[in-house]
Amino acid sequence: MTPEIHRAALRAAAKLAFSVMVGGCGGATVETPPDPTGTPGATPVDTSGDDLSVSRGSSVGSYCSKHHHGETQHACCEAEVAGATFPKDARSSDKPDMRVDALTRACCTVLAHDADKTQTFSWPERTQCCEAIGWSAAATCTPWGPPVPPAMPLLLA
(Lines give C-alpha, C1' and ligand atoms only; values in the text may rest on other atoms or scores of the structure.)
Protein backbone atom coordinates (compact mmCIF):
# COMPACT_ATOMS: atom_id res chain seq x y z
CA MET A 1 0.00 0.00 0.00
CA THR A 2 1.44 3.34 -0.99
CA PRO A 3 1.71 6.14 1.58
CA GLU A 4 -0.90 8.20 -0.34
CA ILE A 5 -3.49 5.42 -0.23
CA HIS A 6 -2.69 4.71 3.41
CA ARG A 7 -3.14 8.42 4.25
CA ALA A 8 -6.42 8.60 2.29
CA ALA A 9 -7.78 5.53 4.12
CA LEU A 10 -6.77 6.97 7.50
CA ARG A 11 -8.33 10.33 6.59
CA ALA A 12 -11.62 8.60 5.63
CA ALA A 13 -11.63 6.64 8.90
CA ALA A 14 -10.93 9.83 10.89
CA LYS A 15 -13.80 11.64 9.16
CA LEU A 16 -16.15 8.79 10.03
CA ALA A 17 -14.98 8.67 13.65
CA PHE A 18 -15.31 12.45 14.00
CA SER A 19 -18.80 12.51 12.48
CA VAL A 20 -19.95 9.76 14.86
CA MET A 21 -18.45 11.65 17.81
CA VAL A 22 -20.20 14.90 16.85
CA GLY A 23 -23.52 13.16 16.17
CA GLY A 24 -23.39 11.30 19.47
CA CYS A 25 -23.03 14.37 21.67
CA GLY A 26 -25.88 16.27 23.22
CA GLY A 27 -28.27 13.53 24.26
CA ALA A 28 -29.20 12.22 27.64
CA THR A 29 -29.77 8.59 28.49
CA VAL A 30 -32.51 7.34 30.71
CA GLU A 31 -32.10 4.06 32.54
CA THR A 32 -35.32 2.11 32.68
CA PRO A 33 -35.92 -0.09 35.70
CA PRO A 34 -35.07 -3.80 35.41
CA ASP A 35 -37.78 -6.06 34.10
CA PRO A 36 -40.16 -7.38 36.80
CA THR A 37 -39.46 -10.95 35.65
CA GLY A 38 -35.88 -10.56 36.85
CA THR A 39 -34.26 -10.20 33.44
CA PRO A 40 -31.10 -8.19 34.08
CA GLY A 41 -30.01 -5.11 32.18
CA ALA A 42 -31.87 -1.88 32.00
CA THR A 43 -31.77 -0.62 28.45
CA PRO A 44 -30.53 2.93 27.90
CA VAL A 45 -32.84 4.97 25.70
CA ASP A 46 -31.39 7.91 23.81
CA THR A 47 -33.47 11.04 24.31
CA SER A 48 -31.44 13.50 22.26
CA GLY A 49 -33.74 15.91 20.54
CA ASP A 50 -37.10 14.25 21.03
CA ASP A 51 -39.48 13.27 23.79
CA LEU A 52 -39.53 9.50 24.08
CA SER A 53 -42.08 9.41 26.85
CA VAL A 54 -45.48 7.96 26.08
CA SER A 55 -47.14 10.58 28.22
CA ARG A 56 -45.52 12.91 30.74
CA GLY A 57 -43.55 10.87 33.27
CA SER A 58 -44.13 7.54 31.54
CA SER A 59 -41.31 5.56 29.92
CA VAL A 60 -41.01 2.43 27.81
CA GLY A 61 -40.36 0.44 30.99
CA SER A 62 -43.53 1.64 32.69
CA TYR A 63 -45.56 1.16 29.49
CA CYS A 64 -44.29 -2.41 29.18
CA SER A 65 -44.92 -3.27 32.81
CA LYS A 66 -48.44 -1.85 32.57
CA HIS A 67 -49.54 -3.26 29.19
CA HIS A 68 -47.29 -6.30 28.73
CA HIS A 69 -46.88 -7.54 32.28
CA GLY A 70 -44.50 -10.48 32.60
CA GLU A 71 -42.81 -9.94 29.26
CA THR A 72 -39.27 -8.71 28.84
CA GLN A 73 -38.85 -5.16 27.60
CA HIS A 74 -37.51 -6.57 24.32
CA ALA A 75 -40.61 -8.76 23.79
CA CYS A 76 -42.86 -5.85 24.73
CA CYS A 77 -41.16 -3.59 22.20
CA GLU A 78 -41.30 -6.26 19.51
CA ALA A 79 -45.07 -6.45 20.00
CA GLU A 80 -45.41 -2.64 20.02
CA VAL A 81 -43.35 -2.18 16.85
CA ALA A 82 -45.08 -5.08 15.03
CA GLY A 83 -48.43 -3.35 15.54
CA ALA A 84 -47.17 0.16 14.81
CA THR A 85 -48.04 2.27 11.81
CA PHE A 86 -45.06 3.73 9.96
CA PRO A 87 -45.28 6.48 7.31
CA LYS A 88 -45.53 5.21 3.74
CA ASP A 89 -43.16 7.91 2.49
CA ALA A 90 -40.35 7.14 4.91
CA ARG A 91 -37.15 9.09 4.43
CA SER A 92 -33.59 8.09 5.05
CA SER A 93 -32.19 10.59 7.53
CA ASP A 94 -29.92 10.79 10.55
CA LYS A 95 -32.68 12.58 12.47
CA PRO A 96 -35.69 10.87 14.07
CA ASP A 97 -38.94 10.93 12.09
CA MET A 98 -41.31 12.84 14.36
CA ARG A 99 -44.33 11.52 12.42
CA VAL A 100 -43.78 8.17 14.15
CA ASP A 101 -45.33 7.79 17.61
CA ALA A 102 -42.94 8.52 20.50
CA LEU A 103 -43.50 5.07 22.05
CA THR A 104 -42.76 3.37 18.75
CA ARG A 105 -39.55 5.38 18.34
CA ALA A 106 -38.51 4.50 21.89
CA CYS A 107 -39.22 0.81 21.31
CA CYS A 108 -37.30 0.93 18.03
CA THR A 109 -34.37 2.38 19.99
CA VAL A 110 -34.60 -0.47 22.51
CA LEU A 111 -34.66 -3.06 19.71
CA ALA A 112 -31.74 -1.39 17.91
CA HIS A 113 -29.60 -1.28 21.06
CA ASP A 114 -30.48 -4.91 21.84
CA ALA A 115 -29.46 -5.89 18.29
CA ASP A 116 -26.19 -4.01 18.82
CA LYS A 117 -25.53 -5.95 22.03
CA THR A 118 -26.29 -9.35 20.52
CA GLN A 119 -24.83 -8.41 17.12
CA THR A 120 -27.86 -9.79 15.28
CA PHE A 121 -28.30 -6.58 13.26
CA SER A 122 -31.58 -7.78 11.80
CA TRP A 123 -35.19 -7.99 12.87
CA PRO A 124 -38.46 -7.82 10.90
CA GLU A 125 -39.02 -4.05 11.21
CA ARG A 126 -35.35 -2.99 11.05
CA THR A 127 -35.73 -0.69 8.06
CA GLN A 128 -38.86 1.03 9.40
CA CYS A 129 -37.31 1.41 12.87
CA CYS A 130 -34.04 2.80 11.57
CA GLU A 131 -35.95 5.32 9.46
CA ALA A 132 -38.04 6.23 12.53
CA ILE A 133 -35.12 6.75 14.94
CA GLY A 134 -32.57 7.98 12.41
CA TRP A 135 -30.02 5.90 10.57
CA SER A 136 -27.20 7.01 12.87
CA ALA A 137 -29.00 6.09 16.11
CA ALA A 138 -27.38 2.66 16.52
CA ALA A 139 -24.74 0.48 14.90
CA THR A 140 -27.42 -1.90 13.68
CA CYS A 141 -28.88 0.95 11.62
CA THR A 142 -25.64 1.58 9.74
CA PRO A 143 -26.28 0.26 6.23
CA TRP A 144 -22.59 0.02 5.34
CA GLY A 145 -19.31 -1.07 6.85
CA PRO A 146 -16.04 0.79 7.32
CA PRO A 147 -14.98 3.31 4.68
CA VAL A 148 -13.57 1.87 1.50
CA PRO A 149 -10.11 3.12 0.56
CA PRO A 150 -9.87 5.04 -2.70
CA ALA A 151 -9.37 3.08 -5.91
CA MET A 152 -5.81 2.38 -6.87
CA PRO A 153 -4.59 3.85 -10.14
CA LEU A 154 -4.05 1.38 -12.96
CA LEU A 155 -0.44 0.79 -13.87
CA LEU A 156 0.20 0.18 -17.51
CA ALA A 157 3.18 -2.00 -18.24
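The values are calculated or read from the model by the stated rules, or taken from the named source; none is laboratory data. Just so it is clear, the model here is predicted, and its values are computed rather than measured. Cβ atoms come from the backbone with ideal geometry, glycine included; neighbour counts cover every protein chain shown.
Out of the residues in segment 109-143 meeting the condition of being part of a loop (DSSP other than H, G, I, E, B) and over 14 Å from ASP94 (Cα atoms), tell me which one is modelled with the lowest pLDDT.
Taking segment 109-143 first, the residues part of a loop (DSSP other than H, G, I, E, B) are 119-125, 134-138, 142-143.
The next check asks that each one be over 14 Å from ASP94 (Cα atoms); those that pass are 119-125.
Working: GLN119: 85, THR120: 82, PHE121: 75, SER122: 78, TRP123: 81, PRO124: 88, GLU125: 91.
Within segment 109-143, the match that is modelled with the lowest pLDDT is PHE121.
Would you please list the contacts, defined by Cβ atoms under 6 Å and residues six or more apart or on different chains, that run from a residue in segment 89-116 that is under 20 Å from GLU78 (Cβ atoms) to a residue that is exposed (fewer than 15 other Cβ atoms within 10 Å of the Cβ) and not charged (D, E, K, R)?
As it stands, the answer is ALA115/PHE121; ASP116/ALA139, since those pairs meet every condition given.
When segment 90-101 is examined, which residues are found to be more than 14 Å from the chain's Cα centre (by Cα) and at pLDDT 90 or above?
Going residue by residue through segment 90-101, those that are more than 14 Å from the chain's Cα centre (by Cα) are 90-91, 98-101.
If the condition is that a residue be more than 14 Å from the chain's Cα centre (by Cα) and at pLDDT 90 or above, then MET98, ARG99, VAL100, ASP101 are the ones that fit.
Report, by residue number, each residue of segment 56-93 that is polar (S, T, N, Q) and touching a Phe, Trp or Tyr at 6+ places or on another chain (Cβ under 8 Å). Reasoning before the result, please.
Within segment 56-93, the subset polar (S, T, N, Q) is 58-59, 62, 65, 72-73, 85, 92-93.
Selection gives SER92, SER93.
I want to confirm something. Restricting to segment 94-108 and keeping residues that are assigned to a loop (DSSP other than H, G, I, E, B) and not basic (Lys, Arg), which single residue is farthest from SER65 (Cα to Cα)?
First pass over segment 94-108, keeping only residues assigned to a loop (DSSP other than H, G, I, E, B): 94-101.
With not basic (Lys, Arg) added as a condition, the list becomes 94, 96-98, 100-101.
Details: ASP94: 30, PRO96: 25, ASP97: 26, MET98: 25, VAL100: 22, ASP101: 19 Å.
Applying the filter and picking the extreme gives ASP94.
Could you count how many residues in segment 74-113 are farther than 23 Å from THR142 by Cβ and either of a type outside the set (Gly, Ala, Ser) or buried (at least 22 other Cβ atoms within 10 Å of the Cβ) (or both)?
Result for segment 74-113: 6.
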